Amino acid sequence: MNLLVDESVDKQVVDHLRYEGHSVWSVAELGPGISDDAVLDLANKEDALLITYNS
């Protein structure tokens, strides 16, 4: 499964998803601070499920 993980999600979650064999892009690794629109565009381009956490 293709996943895009927003920078608000803990790195441990990213690591675990990768360990489980998922294809994971991390906004924190790619370009912290990019706009929400850019994150959504990337998720759509990569046909990835977007995972985010907002408290």
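Throughout, read-outs are computed from the coordinates displayed, never taken from laboratory work. Just so you know, these numbers come straight off a predicted model, no measurement behind them. Reconstructed Cβ throughout: ideal geometry from the backbone, glycine too, with neighbour counts over all protein chains shown.
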Mind checking the stretch 12-52 for GluC sites (Glu not before Pro) that DSSP puts in a loop (not H, G, I, E or B) and that have at most 11 other Cβ atoms within 10 Å?
Glu20
Under the √(5λ) rule applied to the eigenvalues of the Cα gyration tensor, what semi-axes describe the equivalent ellipsoid of the chain? Give them in Å, descending.
16, 13, 9
Low-density loop chymotrypsin sites (Phe, Trp or Tyr not before Pro), the chain, at most 15 other Cβ within 10 Å, DSSP non-H/G/I/E/B, are Tyr53
